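First the structure, in the form of structure tokens, and then the observations on it.
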Amino acid sequence: MKAKDLMTPLQEYLRPDNTLKDAVNLLRTAKRGEERVGVKGLPVLDENGKLVGMLSMRDILKAVWPSYMSLMDLGDFTWDGMVESIAKKVADKKVAMVMTRDVMTVRGDASLMECVDHMIKKNVKRLPVVDKTGKVVGMLYERDVFFAITKAMLEENSSMLKVEGSKFNNKEDEGEK
Amino acid sequence: MTHEAATASQPFVMDTAFWTATTIFLLAYAVIVSEKIHKTIIAVFGAGLMLVLKILEQREAFHLEEFGIDWNVIFLLISMMVIINLMRPTGVFEYLAIKSAKWGKGDPMRILAIFAVVTATLSAFLDNVTTVLLIVPVTILIADALEVDALPYLISCALASNIGGTATLIGDPPNIMIASKAQLNFMDFIYHLTPVIIITMVFYVFAIKLIWGKNLKTKEELKKRIMAMNENEAIKDPVMLKKSLVVLAMVLTGFVLHGMLHFQPATIALFGAGLLLLLSKTHEPHHVLAEVEWPTIFFFMGLFIIIGGVVKVGLIKWMSIQVLNITQGNLFATSMVVMWFSAFASAFIDNIPYVATMNPLMVDMAKQLWPDLSGIQLLHHVDLMPLWWSLALGACLGGNGTAIGASANVIVVGMSEKLGKRISFGKFMLYGMPIMIMTVVISTVYVWLRYYVLKI
């Protein structure tokens, strides 16, 4: 099994100059297959289709999280409405300012273990799959890999696999990034 | 000409070693000022050159007080960092900051003034960068809660930490270095510098009220956000907090008594760090020790060796003769030149390499003035003492002049930039330079009045 066999072909993506408002709306309504179920992360491509970053739900959370919070334990001293008021302030920020720039990608012919290796070592939950020219052709989600593992574990019990597998297919990928 | 003047008292020759050491010293300082390469790397490389080119023998660099690394400074810094690193997770600093904001009853100007005093007081006992790192995040949170501009809080925090740090032996690295070189104890600093810093802080609080008071207004309902904060929630580890406070109290008592007990300050601090590490029951000292600011420590070690090299070849002695020529041996004039020159020098270059150079220069100057004296009689000569205090006041307070004058300023400006509240070099100077001049003027009056008029 290779990355290209498991990936979801590229359907939706963001531009670096999209606003966060546009971005969260697309994250909320992005297509997965035929249905608009939303996703937890999207690739950011420039006008030439080149991958310049990834924007995940975690990046959106970071956008409303003041960086001084990282320096001390101040969570106990925040107030109601703080997140909402910052969210309104950052709504017009550009995706380019918030996205994760250092993105780990895999080629379509990468082995499944290579993908697992990247996901664990880089602590990412989705990998853009690129062709020879570096163009993004699809996305490999943690759940896709998980499904492949599930299949291997339950192969001898194919009836069980059918029920569980169809359930997984409709579920969003878990976790962040 | 000057060469001959030097040979009159103690001969030294401007030979290859002299020029090699001087070149290393000047190049190292030039690169440090240019900030093209990290200062620690330059210091360590320069030190390596001094050794490999045989300007200094390794034994001199590692084991001689006259030319080598001042281990008293190194271990005092490391030990205090370890103590603070162990205390930080207890939440005591968050507690203190939130408590201060509540003392201010949510009034932005009162909070600004209280934070200034708290920052100055903390800085007197902790290193300035640590203090700023502990206070700034809370001040921004408070400014956000009150929906007022965070800029006054940020700038004031840096300025107050530099003023407060001047007050004690352990408050600011220049003082640590001066204390070690001049064999001054903790109580000497309390007796000679703390009074002028208290006076300075009174003026400082009035000054910030004048500068920012008008624009710091908030709504009543926003004040409630501050009053609703429960500082007790900040304490994450009450058991460790108690242990830390006991050890800290012991260390401070030790500092107060170290002169009488004939301990060096580093002995007190090292014992405190060791004891607190033991009491913390950590099985993994790795992370506590890794958090020591090793780049700063290595910067010091490298600098000491570079300075040792130029002391050995006589450059510093030559410079001290120049200073005495300028002031014609008038010690009040010398003391004023030292203070004001130190202030402006420290506003633009790091005060650590500056004081590292000035320390041996002061000793050489004293040797010129009183060639018959040596040891403590020389270092503590009644006419030399005001010069040490002028050096400390100038070098520490001068840091306020510009955004790059002190590490605390660099940290505050860096943090502000990250938070999208950029403080330009000019903007910092607009507030910092007048405050620096005000504080040095106060120090000038103090030194003149205390040591040259009242002679107490």
Going by the conditions given, is B:ILE135 of a type outside the set (Gly, Ala, Ser), assigned to a helix (DSSP H, G or I) and farther than 19 Å from A:MET69 by Cβ?
-> no
Of the residues that make up the stretch B:200-212, is at least one part of a helix (DSSP H, G or I), surrounded by fewer than 17 Cβ atoms within 10 Å (Cβ to Cβ) and charged (D, E, K, R)?
-> yes
Just give me the residues in the stretch B:320-336 being more than 20 Å from B:LYS455 (Cβ to Cβ) and in a helix (DSSP H, G or I), in sequence order.
-> B:SER320, B:ILE321, B:GLN322, B:VAL323, B:LEU324, B:ASN325, B:ILE326
Could you tell me whether the stretch B:177-185 includes any residue that is within 11 Å of chain A (Cβ to nearest Cβ), surrounded by fewer than 21 Cβ atoms within 10 Å (Cβ to Cβ) and touching a residue at least 60 places away in the same chain (Cβ under 8 Å)?
-> no
Which number in (1) assigned to a helix (DSSP H, G or I); (2) touching a residue at least 12 places away in the same chain (Cβ under 8 Å) marks the one condition that B:ILE69 misses?
-> (1)
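For every residue, the table says whether it meets (1) within 14 Å of chain A (Cβ to nearest Cβ); (2) more than 16 Å from B:TYR153 (Cα to Cα); (3) buried (at least 16 other Cβ atoms within 10 Å of the Cβ).
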site: B:PRO371; (1), (2), (3): no, yes, no
site: B:GLY375; (1), (2), (3): no, yes, no
site: B:LEU384; (1), (2), (3): no, yes, yes
site: B:TRP388; (1), (2), (3): no, yes, yes
site: B:LEU391; (1), (2), (3): no, yes, yes
site: B:CYS396; (1), (2), (3): no, yes, yes
site: B:VAL410; (1), (2), (3): no, no, yes
site: B:LYS421; (1), (2), (3): yes, no, no
In the stretch B:56-85, what residues are of a type in the set (Asp, Glu) and more than 18 Å from the chain's Cα centre (by Cα)?
-> B:GLU57, B:GLU60, B:GLU65, B:GLU66
Kindly establish whether A:VAL124 is within 14 Å of the chain's Cα centre (by Cα), closer than 28 Å to A:LYS21 by Cβ and part of a loop (DSSP other than H, G, I, E, B).
-> yes
Per-region count, the stretch B:227-245, residues in a helix (DSSP H, G or I), within 11 Å of another protein chain (Cβ to nearest Cβ) and surrounded by 13 or more Cβ atoms within 10 Å (Cβ to Cβ) | 3
Determine whether the stretch B:124-134 contains at least one residue that is surrounded by 24 or more Cβ atoms within 10 Å (Cβ to Cβ), in contact with a Pro (Cβ under 9 Å, 6 or more places away or on another chain), of a type in the set (S, T, N, Q) and more than 14 Å from chain A (Cβ to nearest Cβ).
-> yes
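Okay, residues lined up against (1) in contact with a Cys (Cβ under 8 Å, 6 or more places away or on another chain); (2) within 30 Å of B:LYS224 (Cβ to Cβ); (3) at pLDDT below 95:
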position: A:LEU10; (1), (2), (3): no, no, yes
position: A:ARG15; (1), (2), (3): no, no, no
position: A:THR19; (1), (2), (3): no, no, no
position: A:GLU47; (1), (2), (3): no, no, yes
position: A:ASP76; (1), (2), (3): no, yes, yes
position: A:MET82; (1), (2), (3): no, yes, yes
Residue hits (the stretch B:84-104; away from chain A (no Cβ under 12 Å) and assigned to a helix (DSSP H, G or I)) are B:ILE84, B:ASN85, B:LEU86, B:MET87, B:SER100, B:TRP103
Can you spot a residue in the stretch A:61-68 that is away from every other protein chain (no Cβ under 14 Å) and not aromatic (Phe, Trp, Tyr)?
-> yes
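The values are calculated or read from the model by the stated rules, or taken from the named source; none is laboratory data. These numbers come from a predicted model, not from an experiment. Cβ atoms come from the backbone with ideal geometry, glycine included; neighbour counts cover every protein chain shown.
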